[in-house]
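Below: one structure, written as C-alpha cells.
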Amino acid sequence: MQTVRTLPELRAACTSLRAARGRLVLVPTMGALHDGHRALVETAAQRGAGVIASIFVNPLQFGPAEDLTRYPRDEAGDLTRLAEWGCALAWLPDLATMYPPQHATVIVPGGPAERWEGAARPEHFRGVATVVAMLFNQVRPDAACFGEKDWQQLQVVRRMTTDLCLDVEIIAVPTVRVPDGLALSSRNRYLGPAERATAPLLHAALARAGTELAAGEPAERVLGAARAALGASGFALDYLDLVDGPTLVPLAAPVLGARLIAAARLGAVRLIDNVPLPAPR
Ligand code: AMP
C-alpha cells in the first residue's frame, strides 16, 4: 500500500492506480480505524477496484465544545490495518493542505441536513459536505463508500452529490456491530465499564421499536415507550424518532424506506444509531 501526504503525490498515485485497476473507490475516514471501516474498505475492494482511504480529522465538522483535540489518533495502526484490508492507497493530507489560511469556501447543505444532528450540531454537516466534496475533487473516484451507521450523513452526502452533479456513485455499507448490538464507533473507547454495559440498550430499544411498528402498533406509543426505557436506563436522550429514510423528515406512521434514528448521551459520550424497519407483518 502506498501512503501519500501531498496533492501532487496523490494525483500521480491516482493516475497510476486508475490505469492499473480501471475503477477507483474512495473510503473517507477520520482514522482510529475499526471493523466498521474494514467493512467499507472490503466493500470498496469488490470487483478489483483500487481502494483509496483518506484519513483526516476534519476540524470543520467539530463544534467549538466538541472533542476535536481528544479525537483518537493512531496513524501507524491505521496504516497497518488498511494495508491488511486490501487498501491500495492511503491519503493523509495535513491541515494546511486541506485548509490553507486563505480557504474561504464551504458547502451549506439543506434538506436532510436540517434536522437531528444538524439541529444539535449546526456546523457539523457544513464541515462534512465541504470535506467530502474536496476529497471527491482531489481523488476523483468513481464511487465512495459511507456507513449506514451515520445514516443522516449518508443522506446528506447523497443529496449533495446529486445536487452538485458530482458524478460519484455513493455506496452505503450496513452498520457493523459487536455481538451485543452496540454499533462500532471510535468513541466507544471512552465509555466507562458501567456505560459500556448500558450502551447496547440503545440498539435494543431501536430494534424493539422497529418490530412493534412493523406489527402495526401506533408510532406515538412505540416511540414514547422506547424513549422512556432509555431514559430509565441512564441515557440522556437527544432524539429517538421515526423518519423518512432519504429526507429525514419525521413520520407519524411507517412508510416504505422509513428509518428509526436516535442519539443519546451516556456520561460524556454521545452515541448515535439507527435501524431500518422490518417488513410489515
Ligand atoms: P469516521 O471515521 O467515524 O468518520 O467514519 C468513516 C466512515 O466509516 C463513515 O462513512 C462511517 O459511517 C463509517 N462507519 C463508522 N462506524 C461504522 C460502523 N460501525 N459500521 C459501518 N460503517 C461505519
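Rounded to the nearest 10 degrees, the inclination of helix 151-163 to the longest alpha-carbon principal axis of the chain is 50 degrees.
Compared with the dominant principal axis of the Cα atoms in the chain, helix 35-44 is inclined by about 60°. Once both labels are positioned 7 Å from their Cα atoms along Cα-to-Cβ, the gap between Thr247 and Asp142 label points is 3.4 nm. Dipole size of the stretch 167-223 about its Cα centre, with +1 on Lys/Arg Cβ and -1 on Asp/Glu Cβ: approximately 340 debye, rounded to the nearest 20. Residues Thr3, Thr198, Thr162 ordered from highest to lowest accessible area at a 1.4 Å probe: Thr162, Thr3, Thr198.
So what's the net charge close to Arg23: Lys and Arg +1, Asp and Glu -1, counting the other residues with Cβ under 11 Å from its Cβ? In short, +1. Relative to the current alpha-carbon distance between Arg21 and Ala236, full extension at 0.36 nm per residue lengthens the span by 72.6 nm. Here the calculated FRET efficiency for Glu9 and Arg187, from their Cβ-Cβ distance with R0 = 30 Å, stands at 0.45, rounded to the nearest 0.05. Rolled with a 1.4 Å probe across the full set of protein chains, the surface gives Tyr71 an accessible area near 20 Å².
Each principal axis of the Cα cloud of the stretch 1-109 was taken in turn, and the coordinate range along them, longest first, works out to 42, 30, 28 Å. Dividing the convex hull volume of the alpha carbon atoms of the chain by its residue count gives 133 Å³ per residue. Each Lys and Arg contributes +1 and each Asp and Glu -1, all at the Cβ; summed about the Cα centre of the chain, the dipole is approximately 240 debye. Counted residue by residue at 0.36 nm each, then reduced by the alpha carbon distance between them, the extension gain from Ala120 to Ala229 reaches 37.0 nm.
When shorter helices are ignored and each DSSP H run of at least 4 residues is given -39500 (n - 2.57), the per-residue value for the chain at 222 nm works out to -11500 deg cm²/dmol.
3J(HN,Hα) along the stretch 48-59: x, 4, x, 9, 10, 9, 9, 10, 7, 7, 7, x Hz, from the Karplus curve 6.51 cos²θ - 1.76 cosθ + 1.60 with θ = phi - 60°, whole Hz, x for Gly and Pro.
The values are calculated or read from the model by the stated rules, or taken from the named source; none is laboratory data. Being a predicted model, the structure only gives us computed values, none of them experimental. Methodologically, a virtual Cβ is constructed for each residue, glycine included, from the backbone with ideal geometry; neighbour enumeration extends over all protein chains shown. Remember, those area values only see protein heavy atoms, side chains included, never the ligands or the DNA or RNA. Shrake-Rupley method; radii C 1.70, N 1.55, O 1.52, S 1.80 Å.
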